[in-house]
Amino acid sequence: MKRALIVLAAWLLSLSIYAQNCPALECIQGFVVTLHYNADVDSCVGIANAQDFIASDLFSCPTPLSFAIYHQTDVVGGDFVPDFNGDHSDIIVGETNFNELINVVVYLRDGDGNIQSCTTYMHIEANFGECGNYEESLSGIIITENREAINGANVEIIFSEDTLITTTQDGAYPLVYPLDSIFYITPTKEDNPLNGISTFDIVLMSKHILGIDLLDSPYKMIAADVNNSETISTLDLIHIRRLILGIYTEFPDNSSWRFIPEDYEFPDPLNPWSEEFPEAIFINSSPQETINFNFIGIKTGDVSGNASGY
């Protein structure tokens, strides 16, 4: 019994010794720091705390723990001694740092006085709508093939944060974008799938399938491809009939509307599926006024083009 207690005590002692060993310090790479408007300084600022960058589990480290963070350019020489008194527990960045990648060094001092460090970088982004790194000088418009404005489409602009905009009565949407960034513009509209659809569309599609009277534009062909199979067939007619009869409340394999950038040119107008056509606008730098941000809206199933009440 005594021997068992000694073994147990030794084992517990080894655990306590192990528990007091700090693991090697590891940093999160590419930590995002977001700028927010600060009324006190009338500017956009972001705060990066040293602890935010640490990826290591520090539960086993002897306490108390102290942290510091420095710009890598401020860490000079091999004998650099970080200040753990609190003045360097975080770094403040501002609007001039927008979209920068800033290298930093993070330091940890444990309760036994051991100091570790790791090097990483942070990416400075801005909170949409709050900060001054955006412009509203450009805009786009969403229209039909017949140049009629489409009202009520949702326009999603994706960059550092998703932003949803709804088109106005004239189909326009403001383009508010971050400078020198990559982003996508994607319209959607899912209301009233039956809008513009009637037996007349079935007649027009039937004539196209039989080769009697072909649909005369790639947009009408895409509208006719109700089941999104990249072909026009009797299956599309079945889907439209089921929608008209109320068996469907929406198209099971397609959206109510589809949108294609206005300046996209189909390689083969008689076959719009000869290559994958875009349904978003992709920007990889600051937009210029020469870029076309307009979309052509296609009402699924409405090959006659008489959808109303946009």
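Worth pointing out:
- Residue check for Asn228: part of a loop (DSSP other than H, G, I, E, B), under 21 Å from Pro193 (Cα atoms) and more than 23 Å from the chain's Cα centre (by Cα): yes
- Total residues in region 73-119, condition of a type outside the set (A, V, I, L, M) and more than 23 Å from Asn21 (Cβ to Cβ): 21
- Neighbours by Cβ (under 7 Å, 6+ apart or cross-chain): first from region 262-286, in contact (Cβ under 8 Å) with a residue 12 or more places away in the chain; second of a type in the set (A, V, I, L, M) and surrounded by 15 or more Cβ atoms within 10 Å (Cβ to Cβ): Glu262/Ile296; Pro272/Met221; Pro272/Ile222; Phe277/Ile260; Pro278/Ile260; Glu279/Ile260; Ala280/Ile185; Ile281/Ile185
- Once region 221-245 is narrowed to residues that are small (Gly, Ala, Ser) and within 11 Å of Leu204 (Cβ to Cβ), the residue that is surrounded by the fewest Cβ atoms within 10 Å (Cβ to Cβ) is Ala224.
- Pick from region 73-118, criterion assigned to a loop (DSSP other than H, G, I, E, B), without any contact (Cβ under 8 Å) to a residue 24 or more places away in the chain and charged (D, E, K, R), ranking: nearest to Ile182 (Cα to Cα): Asp87
- From the options Phe67, Phe59, residue that is more than 15 Å from Thr119 (Cα to Cα) and either among the aromatic types (Phe, Trp, Tyr) or buried (at least 19 other Cβ atoms within 10 Å of the Cβ) (or both): Phe59
- Residue ID - surrounded by the most Cβ atoms within 10 Å (Cβ to Cβ), chosen from residues in region 73-91 that are acidic (Asp, Glu) and modelled with pLDDT of 85 or more: Asp90
- Residues satisfying the stated conditions in region 199-225, i.e. within 21 Å of Ser274 (Cα to Cα), small (Gly, Ala, Ser) and assigned to a helix (DSSP H, G or I): Ala223, Ala224
- All positions within region 214-240 that are at pLDDT 95 or above and among the charged types (D, E, K, R): Lys220, Asp225, Glu230, Asp236
- Given (1) polar (S, T, N, Q); (2) under 28 Å from the mean Cα position of the chain (by Cα); (3) modelled with pLDDT under 80; (4) loosely packed, with under 14 Cβ neighbours inside 10 Å, number of the condition Asn99 does not satisfy: (4)
- Filtered residue count, region 169-198, keeping only those that are part of a loop (DSSP other than H, G, I, E, B), at pLDDT below 75 and over 21 Å from Asn146 (Cβ atoms): 4
The values are calculated or read from the model by the stated rules, or taken from the named source; none is laboratory data. Quick caveat: nothing in here was measured; it's all calculated off a predicted structure. So basically every Cβ, Gly included, is an ideal-geometry build from the backbone, and we count neighbours across all protein chains shown.
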